[in-house]
Amino acid sequence: MVDKLVTDYAWQGPKRGADRAVLLAHGAGSDMNGAALIAVADALADAGVPSLRFNYPYRSSGKKAPDRPKVLDRATREAAAELARRAKLPPERLVLGGRSMGGRYCSLVVGAEDEPVPALGLLLLGYPLHAAGKPDQPRADHFSRLRVPVLFASGTRDALAGRADLTKAARRIKGKVSFHWIDTADHGYRPLKASGRSAADVLSEVAAVSAEWVRVLPP
């Protein structure tokens with residue numbers, strides 16, 4: 001028997017009765033208690049939608065550098081299976097997603113060439129279209145294999161996914177694509193002071209938009 005990679009989970013929302021549930025994966029420099037994930041989980045719970053947050057193995061072991069791609073891939077699949085088990089729902093009733101790296105790996109397992117993971121949709125909060133300083137190396141090869149609805153919630157100052165570049169790359173997605181742009185926010189969802197908005201304001205906006213998008217997804 002293969003040992004489980006994921007050991008830290010946080011369930012939020014109703015334990016039964018929901019017809020959908022959401023997996024929330026964290027970004028590379030954060031963990032399952034990151035502010036954005038908590039805000040979205042709270043909004044989902046208010047909407048009657050359960051969610052499951054989790055830590056990738058490197059975070060559970062106290063490391064800062066992310067795990068190897070194969071480990072991140074396997075951990076994401078494990079977490080999706082755990083969500084299905086806890087929610088008592090088939091995989092195609094689950095929305096997978098999360099912040100930055102976590103959202104990217106959710107999209108990778110759904111758009112995998114071999115053994116793709118079924119999903120109701122993808123919730124991508126600050127999708128990292130490319131690594132820092134490498135706009136010529138977009139992470140979008142799998143987009144053409146995505147056939148589920150996708151929501152991109154990104155800041156207009158996101159240095160890892162410019163608005164024009166992300167919009168262009170998303171045209172390859174076969175499922176219905178929605179965008180929510182947060183004015184003046186960067187990759188970390190931090191708005192400019194001149195905007196008159198706080199980081200808390202932005203997180204509240206992202207959470208509300210995410211919960212509503214999940215709530216109205218067709219079964």
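Only the coordinates and a few stated rules stand behind these numbers; no lab work does. All of these numbers come straight from a predicted model, not from anything done at the bench. Here the Cβ is made from the backbone with ideal geometry for all residues, glycine too, and neighbour counts use every protein chain on show.
Remarks
- Gaussian network model of the chain, springs between alpha carbon atoms under 10 Å - residue of Ala21, Ala131, Ala75 with greatest fluctuation: Ala131
- Backbone phi angles across region 176-186, fed through the Karplus curve with coefficients 6.51, -1.76 and 1.60 (θ = phi - 60°), yield HN-Hα couplings of 5, 10, 10, 10, 10, 9, 9, 4, 6, 7, 9 Hz in residue order; Gly and Pro are listed as x.
- Of Gln137, Met32, Phe152, farthest towards positive along the dipole that unit charges on Lys, Arg, Asp, Glu beta carbons give the chain: Gln137
- Bridge orientation summary for the chain: considering DSSP beta bridges with both residues in this region, about 15 percent are antiparallel.
- Whether region 172-219 is rounded, prolate or oblate, judged on the alpha carbon gyration tensor where a/c under 1.5 counts as rounded: oblate
- Computed label-point distance, nm, for sites Ser195 and Asp46 using a 7 Å Cα→Cβ extension: 1.9
- 5 angstrom amide H check on His180, placed H, neighbours 5+ away: Phe152, Ala153, Ser154
- Here the simple spin-label model places points 7 Å from the Cα toward Cβ, and for Asp136 and His180 these points are separated by 3.6 nm.
- Lysines with Cα under 22 Å of Lys176, excluding same-chain neighbours fewer than 8 positions away: Lys168
- Answer label, with log10 I(q)/I(0) by the Debye sum over Cα atoms at q = 0.13, 0.16 Å⁻¹ calculated from the coordinates and candidates (i) -0.87, -1.13; (ii) -0.67, -1.06; (iii) -0.98, -1.20: (ii)
- Using the Karplus relation 6.51 cos²θ - 1.76 cosθ + 1.60 with θ = phi - 60°, the per-residue 3J(HN,Hα) values for region 132-138 come to 4, x, 10, x, 7, 10, x Hz, with x marking Gly and Pro.
- Extension gain (nm, one decimal) between Asp3 and Arg157, 0.36 nm per residue minus Cα-Cα: 51.4 nm
- Sites Val216 and Lys88, calculated FRET efficiency, Cβ-Cβ separation with R0 25 Å, nearest 0.05: 0.70
- The alpha carbon gyration tensor of region 12-83 gives principal lengths a ≥ b ≥ c with a/c of 1.5 or higher and a/b no greater than b/c, which makes the shape oblate.
- FRET efficiency, 1/(1 + (r/R0)^6) with R0 35 Å, evaluated for Arg171 and Lys64 via beta carbons: 0.50
- Peptides 202-212, 137-147 ranked from most to least packed give 202-212, 137-147, packing being the mean of other C-beta atoms within 10 angstrom over each peptide's residues.
- Highest-first packing order for the peptide set 88-94, 14-20 is 88-94, 14-20, based on the mean count of other beta carbon atoms within 10 Å.
- Between Val109, Val71, Val117, the residue with the greatest mean-square fluctuation in the GNM of the chain (Cα pairs under 10 Å linked by springs) is Val71.
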